[in-house]
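Just so you know, all these numbers are worked out from the coordinates, no wet-lab data involved. Just so you know, these numbers come straight off a predicted model, no measurement behind them. Cβ atoms come from the backbone with ideal geometry, glycine included; neighbour counts cover every protein chain shown.
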Amino acid sequence: MVILDSHQMPRSAAKIAVSLPDELYRALEGVRRRTGRSRSAVVQEAVRDWLRRQVRGDLVREYEEGYRRSPEATDEIEAALATAVGLLTSDADDW
């Protein structure tokens, strides 16, 4: 899945019609006007953010499924904790 950043211009664009409840539309228009952005730019950013959240959610679900199939062993957990404590202890000197 390709998610263009807001500074990247698509080679082509599709137009869509979207219905919004009046309250959501008024809120969108108020913020959009204050920021000087176009409706298209605001909706594109919202869709990009939503798609990124979906991808992150998919990755979390995949991780959880993998963990359920093969959970960490006790020695792996202890090694991770020892590493974390070591990192936290070494940073404590910088405070």
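With each label modelled as a point 7 angstrom along the Cα→C-beta vector, the Glu78-Asp49 pair spans 4.6 nm.
Kirkwood analysis of the Cα pair distances in the range 22-92 returns a hydrodynamic radius of 16.5 Å. Peptides 41-50, 68-77, ordered by how many other C-beta atoms sit within 10 Å of their residues on average, highest first, read 41-50, 68-77.
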